[in-house]
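Chemist: The structure is given below, and queries will be raised subsequently.
The values are calculated or read from the model by the stated rules, or taken from the named source; none is laboratory data. Keep in mind the model is a prediction, meaning the values are calculated, not measured. Methodologically, a virtual Cβ is constructed for each residue, glycine included, from the backbone with ideal geometry; neighbour enumeration extends over all protein chains shown.
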Amino acid sequence: MIGMIGLWSDMIAACLYGGLALWQLRHWSADTRSHPLTAAFAIIAAWMAFKASEGADHLLPGLAEPARNVAFLAFMHAIAMGREQAPLRALGTVYGAVAAVVGCQILTVCLLHSIRATGVAHDAAEAAYQVLGLTVSAGALILVHNLYSQAQAGSRAAIRLPMLGLAAMWTYDLHLYTVAYLTRDMPTDLVALRGAMLALLAPFFAAAGRKESWSVELSRTATFQSLSLLAIFGYLILMMSATRALEAVKAGWVGMAQAVILLLMASTLLILLPSRRIRAWMRVTTAKHFFPHRYDYRAEWLRFTRTIGTSGPDALPIDVRVVKALAQAADASGGMMLTLDGDYRFAPAGQWNWRMDAQGWQDATLGRLLEERAFIIDFGTVDADGKFSFGGSNFALPRWTVEAGSWAGVPVIHNDRLVALVLLAAPPVRRPIDWEDFDLFRTAGIEAASYLAEAQAQEKLADARRFDEFNRRFAFIMHDIKNLVSQISLVARNAERHANNPEFRADMIATLQSSVRKMNDLLARLSKGAQDDIRPSRPVEVRLMLAPLVEARRRIHPIELSGDAGIAVQADGAGFEQAVTHLLQNAIDASTGGQPIRIAIAQAGALVTVAIADQGCGMSAEFIRTRLFQPFASTKEGGFGIGAYEARSLIEAMGGRLDVDSREGMGTTFTITLPAADIAAVLEEERIRA
């Protein structure tokens, strides 16, 4: 039954692929890519015809199978390489290796039909044929995966069906030869049903004949993966072949020999693979012999930007990241940075995997060479004393740069100015520097310079902000000192007339103590790290806090205080007092004669208001809108223009707001609004303090 199905399926497959071959002939002259595809279809048609007429064991069907594999490999190779200006030699090597195995398979088929059907030679040739079939199927599947994974997104839909057909065909072959190797005989049922399998795949292969734009971007990483997988399969095939060969010998030491071979290969892998020097040698050798360029520029650029652009609290300093990024791009084992000033003094900076102390030096001649020519220092041309020549001129490097094992010196140039020099240690396998290294180092040095310049600009901006914050605090403090000086001056003037008055002396001592306390607070605010804008808030009874301020200033101007004593706010007590002091002092300065200043305390629900009203000259709407709350803007002669600005800043920092209502010639009212607090909390806090 299986034989009859196989016979009819072979004939159907021969007809289908013969038709596909004739259909492909339409594009013979227009599309050279169709040539191997047409040949593959024709070979399959002939293979199935020979198999149906002569049987699967005949020489011609045996030769047709590897010929089919060669044709499909040529078709895939044409797709992969057709649009590449500089094709990867490694990919061509992979295809060549698989094609070479196919050639060995052809020779094995001829050998099988030239020797007698029994004996050790025949068994060995049959085992070799099965192993070669396994190798071809596995290698071809790797190439199918490689080709499909590297196809551009727009091309994958067009290439999907033929790639599925090839994957299914070679998967069937892989299964067939695996069963044959394990059972030591070709499975007749699987061989008979090959025609049925190919007939079912004909629609998939027909899609390969459509006129489509197929584009493949060859990837160095994917090619390395293909080489690695082929090496793994090669290792497995080698072990399988050795095992079968040792079994054919039928000696007593076969088991021991197999164990020794396995131990030697495992030991070799364990010794060589962990070695960084061996892995570096493999990378250099592979890149040199299998690729047109040493560097995978896309991968190197992504790694470079990822390394140098890392941020966060755990990130390395920017100078160390620059060194690390340049070293990784060239596979250097380490490096260090030397920064420069305007006089071309080289000073040691960031280091990465650098194992020798460095000293600075000054050399304007060398600095100008690096700056004007973007000159890459090749330490292969530097003698043991650090001397080298360029353009007829002699230059000298410190001796320690040579003793440290330096390999290259990369200038970091920003806006035509040399900002740093990066010394790179030699890779694990030292090699001469060539034009690719020079181009990469120059380009990477320019990119690194932009990151360094940005970091330096950010640092200068941070310094400027710190100075700005210091100046802001200093301006506030100068304003507060002016108020304290006015208060102390008033005490000094009155001391001449009331020095013998005990009440005046007590009040004077209290005023001086208050002034000293406030000055100490001012010094603390000015000190490094002071955070006066975010001091914690607490319940504050408003009238109790305002009473001493009002009492102290009633001696120089009449002030009226109204409002219940049980009203409290949630605020920073010192900041609240300071804000009221500024507004009250402004009101006194704006008032004339005996016009009283009125302070009214009120509570409406969850909010408390403190209104400070004067009957002075008032302010225009334009001044309020554009200048009142701007620092250093004042209508008073000799004024700092800080009081209202700082008062609003302090109130807003407590979660409140400051409103102003003023009319020219009619006076001004400042209203502070703050969240209300429970008076019981005030009493509890005072009890705790007591």
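Chemist: Restricting to segment 168-198, and then to whatever is surrounded by fewer than 16 Cβ atoms within 10 Å (Cβ to Cβ) and acidic (D, E), can you tell me which residue is modelled with the highest pLDDT?
Modeler: My answer is D189.
Chemist: Only one residue in A327, A299 is under 25 Å from V429 (Cβ atoms) and surrounded by 14 or more Cβ atoms within 10 Å (Cβ to Cβ). Which one?
Modeler: So the residue among A327, A299 that is under 25 Å from V429 (Cβ atoms) and surrounded by 14 or more Cβ atoms within 10 Å (Cβ to Cβ) is A327.
Chemist: With the structure loaded, tell me whether N415 is exposed (fewer than 12 other Cβ atoms within 10 Å of the Cβ), touching a strand residue (DSSP E or B) at 6+ places or on another chain (Cβ under 7 Å) and of a type outside the set (K, R) or whether it fails that test.
Modeler: Taking the combined requirement at face value, the residue does not satisfy it.
Chemist: Condition check: surrounded by fewer than 19 Cβ atoms within 10 Å (Cβ to Cβ), under 55 Å from the mean Cα position of the chain (by Cα) and either modelled with pLDDT under 80 or not assigned by TED's automatic domain parsing to the domain that holds I601 (or both). Does D533 satisfy that?
Modeler: Criteria met by D533.
Chemist: Restrict the check to segment 547-569 and report whether at least one residue is touching a helix residue (DSSP H, G or I) at 6+ places or on another chain (Cβ under 7 Å), at pLDDT 85 or above, assigned to a strand (DSSP E or B) and closer than 19 Å to S486 by Cβ.
Modeler: Within segment 547-569, one or more residues are touching a helix residue (DSSP H, G or I) at 6+ places or on another chain (Cβ under 7 Å), at pLDDT 85 or above, assigned to a strand (DSSP E or B) and closer than 19 Å to S486 by Cβ.
Chemist: Tell me which residues, restricted to segment 466-510, are of a type in the set (S, T, N, Q), in a helix (DSSP H, G or I) and modelled with pLDDT of 75 or more.
Modeler: S489, N494, listed by residue number.
Chemist: Can I ask one more? So A633 ticks every box in (1) over 27 Å from S486 (Cα atoms); (2) at pLDDT below 85 but one. Which box is left unticked?
Modeler: Only one criterion is unmet by A633, namely (1).
Chemist: Still on this structure, please answer the following. Going by the conditions given, is A40 closer than 21 Å to R160 by Cβ, at pLDDT below 85, in contact with a Lys or Arg (Cβ under 7 Å, 6 or more places away or on another chain) and not in a loop (DSSP other than H, G, I, E, B)?
Modeler: So A40 fails the test.
Chemist: (1) of a type in the set (D, E); (2) touching a Gly at 6+ places or on another chain (Cβ under 7 Å); (3) at positive phi: which one isn't true of D319, the others all being true?
Modeler: (3)
Yes/no per residue for (1) out of contact with any helix residue (DSSP H, G or I) (no Cβ under 7 Å at 6 or more places or on another chain); (2) modelled with pLDDT of 85 or more; (3) under 29 Å from W400 (Cβ atoms):
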site	(1), (2), (3)
P274	yes, no, no
Y297	yes, no, no
T310	no, no, no
D314	yes, no, no
V320	yes, yes, yes
K324	no, yes, yes
A327	yes, yes, yes
S333	yes, yes, yes
M337	no, yes, yes
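Chemist: Restricted to segment 352-387, and to residues that are part of a strand (DSSP E or B) and modelled with pLDDT of 90 or more, which residue is surrounded by the fewest Cβ atoms within 10 Å (Cβ to Cβ)?
Modeler: Restricting to residues being part of a strand (DSSP E or B) and modelled with pLDDT of 90 or more, the top hit is K387.
Chemist: Can you run down the residue pairs with Cβ atoms below 6 Å, 6 or more apart or on separate chains, where the first is in segment 617-639 and more than 12 Å from T668 (Cα to Cα) and of a type in the set (F, W, Y) and the partner is part of a loop (DSSP other than H, G, I, E, B) and at pLDDT below 85?
Modeler: F632/G641
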